[in-house]
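Q: Just passing along the structure, written as structure tokens.
The values are calculated or read from the model by the stated rules, or taken from the named source; none is laboratory data. Everything numeric here is computed off the predicted structure, so don't read it as measured data. Using ideal geometry, Cβ is built from the backbone for each residue, glycine included, and neighbour counts are taken over all protein chains shown.
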Amino acid sequence: MVSAATFNSSKVDARSSQNINITQLPTSNQVAAAPEWKIFSPDEGKFSILMPSEEISEMAPDKGEMHSGVKSTKMYMSIHEQNVFMVSYADFKTDLTQVSSSKLLDSAVQGLLEDDKKLLSQQNITLGGYPGREIKLWDEKEGMTLTGRVFIVNQRMYMLLVGGKENSQLSDTRKFFNSFRLMP
């Protein structure tokens with residue numbers, strides 16, 4: 001059985017896996033020319049999404065770092081201008097249908113609120129009939145806005161996250177989110 005602790009665990013938390021710190025954004029003098037966006041669709045991901053064409057980093061925690069209810073997880077990240085774009089998924093060993101999607105999504109959001117982040121907004125959304133949640137967080141310490149979407153699709157949780165300074169490009173965030181597609 002999957003519990004709220006599964007999603008609140010740092011072993012499932014995309015922000016802390018592989019010691020990734022999405023709050024370390026490039027400064028303006030480190031920003032290269034605007035890239036093209038390209039369709040990104042990893043073989044086992046069962047999704048496609050537009051990502052900035054700069055280098056896309058792939059991360060997967062060691063089995064020992066994952067929560068016992070998680071079978072596998074992968075994260076992909078790209079930095080564009082002063083924003084970090086991340087898409088991740090986690091496959092669960094246990095039957096997610098035994099827990100209400102609302103509770104699963106609540107737990108995922110709570111996991112993102114660690115480290116004194118403030119929830120600015122959230123709303124229920126769907127993707128092809130699958131339940132999801134869009135959230136906006138403020139990290140006072142880093143002076144950063146985080147905008148994310150989380151979806152529960154059968155035994156898998158997808159998370160899309162964009163982090164950037166308060167005045168970051170809303171159009172790039174929408175492009176990233178709206179391009180996310182599930183693959184058969």
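Q: Could you tell me which of the residues V109, V84 is under 16 Å from the mean Cα position of the chain (by Cα) and part of a strand (DSSP E or B)? Break it down into steps so the answer makes sense when it comes.
A: On the way: V109 fails: part of a strand (DSSP E or B).
Among V109, V84, only V84 is under 16 Å from the mean Cα position of the chain (by Cα) and part of a strand (DSSP E or B).
Q: How many of the residues making up the stretch 129-184 are closer than 12 Å to F85 by Cα and of a type in the set (F, W, Y)?
A: Residues flagged as closer than 12 Å to F85 by Cα and of a type in the set (F, W, Y) within the stretch 129-184 amount to 2.
Q: Could you check how many residues of the stretch 80-109 are in contact with a helix residue (DSSP H, G or I) (Cβ under 6 Å, 6 or more places away or on another chain) and either among the basic types (K, R) or at pLDDT 90 or above (or both)?
A: The qualifying residues number 1.
Q: Residues that are surrounded by fewer than 16 Cβ atoms within 10 Å (Cβ to Cβ), under 28 Å from E55 (Cβ atoms) and either at pLDDT below 95 or aliphatic (A, V, I, L, M) (or both): does the stretch 110-117 have at least one? Explain how you work it out, then say what you get.
A: Taking the stretch 110-117 and keeping what is surrounded by fewer than 16 Cβ atoms within 10 Å (Cβ to Cβ), we get 110, 113-116.
Now restrict to residues that are under 28 Å from E55 (Cβ atoms): 114-115.
When the remaining residues are screened for being either at pLDDT below 95 or aliphatic (A, V, I, L, M) (or both), the result is 114-115.
Within the stretch 110-117, one or more residues are surrounded by fewer than 16 Cβ atoms within 10 Å (Cβ to Cβ), under 28 Å from E55 (Cβ atoms) and either at pLDDT below 95 or aliphatic (A, V, I, L, M) (or both).
Q: While we're looking at this one, here's another question. Being surrounded by fewer than 19 Cβ atoms within 10 Å (Cβ to Cβ), among the hydroxyl-bearing types (S, T, Y) and in a loop (DSSP other than H, G, I, E, B) is the filter here, so list the residues in the stretch 139-181 that pass it.
A: Scanning the stretch 139-181 gives a single hit, S179.
Q: Which members of the stretch 59-81 meet the condition of being part of a loop (DSSP other than H, G, I, E, B) and on the phi < 0 side of the Ramachandran plot?
A: Our first condition is that a residue be part of a loop (DSSP other than H, G, I, E, B); within the stretch 59-81, this holds for 60-62, 66-69, 81.
Passing the criteria: A60, P61, D62, M66, H67, S68, G69.
Q: Name the residues in the stretch 129-177 that are of a type in the set (S, T, N, Q) and touching a residue at least 60 places away in the same chain (Cβ under 8 Å), would you?
A: Of the stretch 129-177, the ones of a type in the set (S, T, N, Q) are 145, 147, 154-155, 167-169, 171, 173.
The answer is Q155, S168, Q169, T173.
Q: Considering each residue of the stretch 40-79, count those that are at pLDDT 75 or above, surrounded by fewer than 16 Cβ atoms within 10 Å (Cβ to Cβ) and out of contact with any Lys or Arg (no Cβ under 9 Å at 6 or more places or on another chain), and give that number.
A: 3
Q: While we're here: Only one of these conditions is not met by S121: (1) crowded, with 16+ Cβ neighbours inside 10 Å; (2) free of Cβ contacts under 8 Å to residues at least 60 places away in the same chain. Which number is it?
A: Against the list (1) crowded, with 16+ Cβ neighbours inside 10 Å; (2) free of Cβ contacts under 8 Å to residues at least 60 places away in the same chain, S121 comes up short only on (1).
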